[in-house]
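Okay, structure first, notes after.
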Amino acid sequence: MNGTAHMAAGAAAGFITANSMGSNLSMTAVLVTVGGISGLMPDMDIDGKLSNKVTFSPKMIRAVAQVIGLLMMVYSFLEEHGREQWIGIGYGIGILLLSAVITQRRMLTFTGIGVTAAGWHLNETWLWLLGIYIVIASFVSHRSYTHSLLGMIFFGFIAKYFESSLKIEGIFEACMLGYASHLAGDMKFLPFNRRGVKLFLPFTSKEI
C-alpha cells in the first residue's frame, strides 16, 4: 500500500474509535488525525515513505555543522591555552569530519536524537520515547522491526503516555488501531503486495 492508503486506513481506524466512544465532532477530528498519523508510523524506517518527510535537509545540517566546527577551532585557538586549546581544536576537527559523512539515513538518526532531547527538556515521556523509536527506525531495514509486533508494542507505550499527556480518551485506541492497519495493509494476503511483513521478529523472519 502507498502512503496515502495507509494514512486513509489509519484515519478510518481513528473514526471507528471515535464512533465507538460517542466522541463529539472536535474529538472525532483529533482521533481521526491521530489515527492517520499512526497509520504512517511503521514507514519511519529506512527507505520508508515517512522517514524522508521528517528529517532536515542534509545540506543544511552539513553547512551548520561545518560552521560550528570552524568556529570551535578558531575560538579554541584564540581563547584557550595548553591542553584545552588542543581539545577544542580536536572537537572542531571531529565535527568537520562528521559533517562529511552525514547522509539522509543518518539525518533520521539526528532527528530522533533531537526529538528525544526535546522530550527530556519538556518532561514529556511520550516524546522522548518517540525519539527513541525514530533513532531505532533509522538503523533497521524497511518492513522489519517497525512492521512487527515488537514495534507495535513499543509504539503502544508511546500511545499510552501520549493519551495520558493529552488527557483525551481514545488516543491510545486510535494510535494502536492506526498502527495495526498499516501492518495489515502490508501483509501478503492482499493481492497487490508482493512482499509481506516480518510480524514475529526477532523469533522468525518469515513474511506474512
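The values are calculated or read from the model by the stated rules, or taken from the named source; none is laboratory data. Only a predicted model underlies this, so the values are computations on that prediction, with no experimental measurement involved. Please note: Cβ atoms are built from the backbone with ideal geometry, for glycine as well, and neighbour counts cover all protein chains shown.
Can you confirm whether L97 is modelled with pLDDT under 90, touching a helix residue (DSSP H, G or I) at 6+ places or on another chain (Cβ under 6 Å) and hydrophobic (A, V, I, L, M, F, W, C)? So L97 does not fit the description; no. Looking across region 164-191, just one residue is among the polar types (S, T, N, Q) and buried (at least 20 other Cβ atoms within 10 Å of the Cβ), and that is S181.
Here Y161 meets the list (1) surrounded by fewer than 17 Cβ atoms within 10 Å (Cβ to Cβ); (2) modelled with pLDDT of 95 or more; (3) in contact with a Ser or Thr (Cβ under 8 Å, 6 or more places away or on another chain) almost entirely, failing just condition (1).
Hey, among the residues in region 1-42 that are in contact with a helix residue (DSSP H, G or I) (Cβ under 7 Å, 6 or more places away or on another chain) and either part of a loop (DSSP other than H, G, I, E, B) or among the charged types (D, E, K, R) (or both), which one's surrounded by the most Cβ atoms within 10 Å (Cβ to Cβ)? Filtering first and then ranking leaves G39.
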